[in-house]
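Quick notes on the structure that follows.
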Amino acid sequence: MDTKYMKRALSLAEKGAGFVNPNPMVGAIIVKDEKIIGEGYHKYFGGNHAEVEALASATENPKDGVMYVTLEPCSHFGKTPPCVNAIIESGIKKVIIAMLDPNPIVSGRGVEILKNNGIEVITGILEDEAKKLNEIFIKYITSKTPFCLLKSAMTLDGKIATKFSDSKWITGTLSREYVHRLRHRYAAIMVGVNTVLVDNPQLTVRIPGFKGKNPVRVIVDSRCKIPLDANVIKTASQIKTIVATTDMADTDKIEKLKDFGAEIVILPTENERVSLSNLMKKLGSMDIDSILLEGGGTLNYSCLEAGIVDKVNFFVAPKIIGGHLAKTPVEGDGVPMIMNAFSIKDISVHNFGEDILIEGYVKN
């Protein structure tokens, strides 16, 4: 029964995806006399936490009930008061937790406070599932740098576009819909300036009836070559757009980009390009907890080489393009030997219509 109830709490938690960043997704339910009497989840950043939502929704007095929560209840004042206080005051007799708070500053404190107030605490129920759900939060809260997912779509022969740069559309409708859901879930979407020059993308979430916010758009552009009439610049005053550049960029161009509403971040160089490690630190300091990398082959390779990629999503469509001039998902200099290849672990495969999604994590 513990597993059943925790699964319900996890499904509630996921409803907060894309709305709570940089907070974690959390779900909670209250069970009394073997029935659910209250449930809730963290709905948006700054809003009530899941435990408070569950207590507020209770259809009867929660005293002597059991609370199932996907993440250790908070023990500190943030945007809202500590959740442990509300739990103690409610008379809940037992709290079952999927995972401890990964924040090293507070991890375990919530459990300790609950126990000191006579509440039984059990931890580790569906812990792996809870950690996967909040993999973004875990990376961000422990490193202060964003979790980075490299996403690419390619043909069976590993091409992302024809030799004429035509790439619409390699994958089918279901795959593209899933990518737009990813865009909503991640705090920012990042591309290189070459992608802007070739595709002139909008980099927005296009889901029917969508009511969330678009991700921050990050353009990596060492010399500010981005055109002023690019879609991302023309709409920079409506959707936060960051141009990551260096002191090699023309200062007049920088001022013109600012006039359009773009935010300019000047970073150190590595091999005459934007230092990606410094970019990640900067974005982390701006409360950007996650990056969906939709770059071309050059930026993708540079990000892998810099060690900033945590996870990959490769969509494979049942098509063949051919041609040695056709672009591939990862280009750059490439590794010198097979032994130097970037290895992927924890592979999972999913179907989206005729397409296949291969998902995995980059080995450190």
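The values are calculated or read from the model by the stated rules, or taken from the named source; none is laboratory data. Source: prediction; values computed, not measured. In this analysis, Cβ positions are derived from the backbone assuming ideal geometry, glycine residues included, and neighbour counts consider all displayed protein chains. Note: accessible area is taken over every heavy atom of the protein model, side chains too, but ligands, DNA and RNA are not part of it. Shrake-Rupley method; radii C 1.70, N 1.55, O 1.52, S 1.80 Å.
Do the conditions hold for Phe137, that is, is it open to solvent by less than 30 Å² (accessible area, probe 1.4 Å) and in contact with a Pro (Cβ under 8 Å, 6 or more places away or on another chain)? In short, yes. When Ile37 is tested against (1) farther than 20 Å from Glu129 by Cβ; (2) within 22 Å of the chain's Cα centre (by Cα); (3) modelled with pLDDT of 95 or more, only condition (2) is not met.
Condition check ((1) open to solvent by 70 Å² or more (accessible area, probe 1.4 Å); (2) touching a helix residue (DSSP H, G or I) at 6+ places or on another chain (Cβ under 7 Å); (3) within 17 Å of Ile30 (Cβ to Cβ); (4) not in a loop (DSSP other than H, G, I, E, B)) across all residues:
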site	(1), (2), (3), (4)
Gly46	no, no, no, no
Glu53	no, no, yes, yes
Ala56	yes, no, yes, yes
Cys74	no, yes, no, no
Ala86	no, yes, yes, yes
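Checked against the criterion of being open to solvent by less than 60 Å² (accessible area, probe 1.4 Å) and either basic (Lys, Arg) or in a loop (DSSP other than H, G, I, E, B) (or both), the candidates Val330, Val312, Val316 yield just one match: Val330.
If you scan region 30-44, which residues turn out to be closer than 30 Å to Lys211 by Cβ and either small (Gly, Ala, Ser) or surrounded by fewer than 24 Cβ atoms within 10 Å (Cβ to Cβ) (or both)? If you could, list the steps in order and put the result at the bottom.
Looking only at region 30-44, we keep the residues that are closer than 30 Å to Lys211 by Cβ, and these are 30, 36-44.
Once the filter is applied, which keeps residues that are closer than 30 Å to Lys211 by Cβ and either small (Gly, Ala, Ser) or surrounded by fewer than 24 Cβ atoms within 10 Å (Cβ to Cβ) (or both), region 30-44 yields Ile36, Ile37, Gly38, Glu39, Gly40, Lys43, Tyr44.
Within region 249-263, the set of residues being at pLDDT 95 or above and part of a loop (DSSP other than H, G, I, E, B) comprises Phe260, Gly261, Ala262. Note on region 216-242: residues that are without any contact (Cβ under 8 Å) to a residue 24 or more places away in the chain and buried (at least 22 other Cβ atoms within 10 Å of the Cβ) amount to 0.
Among the residues making up region 182-209, a single one is on the phi > 0 side of the Ramachandran plot and open to solvent by less than 10 Å² (accessible area, probe 1.4 Å): Leu203. Note on region 101-117: residues that are more than 25 Å from the chain's Cα centre (by Cα) and surrounded by 14 or more Cβ atoms within 10 Å (Cβ to Cβ) total 5.
Within the option set Ala130, Ala98, being open to solvent by less than 30 Å² (accessible area, probe 1.4 Å), part of a helix (DSSP H, G or I) and out of contact with any Pro (no Cβ under 7 Å at 6 or more places or on another chain) holds for one residue only, Ala130.
Determine whether Val205 is in a loop (DSSP other than H, G, I, E, B), out of contact with any Asp or Glu (no Cβ under 9 Å at 6 or more places or on another chain) and β-branched (Val, Ile, Thr). I'd like the intermediate steps shown before the answer.
Values: in a loop (DSSP other than H, G, I, E, B): yes; out of contact with any Asp or Glu (no Cβ under 9 Å at 6 or more places or on another chain): yes; β-branched (Val, Ile, Thr): yes.
So Val205 fits the description; yes.
Has region 290-309 got any residue that is without any contact (Cβ under 8 Å) to a residue 12 or more places away in the chain and open to solvent by less than 50 Å² (accessible area, probe 1.4 Å)? Lay out the reasoning, then the answer.
As a first pass, look at region 290-309 and keep what is without any contact (Cβ under 8 Å) to a residue 12 or more places away in the chain: none.
No; the residues of region 290-309 include none that is without any contact (Cβ under 8 Å) to a residue 12 or more places away in the chain and open to solvent by less than 50 Å² (accessible area, probe 1.4 Å).
When we screen Val111, Val106, Val95 for residues that are touching a residue at least 12 places away in the same chain (Cβ under 8 Å), in contact with a helix residue (DSSP H, G or I) (Cβ under 6 Å, 6 or more places away or on another chain) and among the hydrophobic types (A, V, I, L, M, F, W, C), the only hit is Val95. Inclusion of Lys213 among residues that are open to solvent by 30 Å² or more (accessible area, probe 1.4 Å), farther than 19 Å from Ser152 by Cα and either in a helix (DSSP H, G or I) or in contact with a strand residue (DSSP E or B) (Cβ under 8 Å, 6 or more places away or on another chain) (or both) is not warranted.
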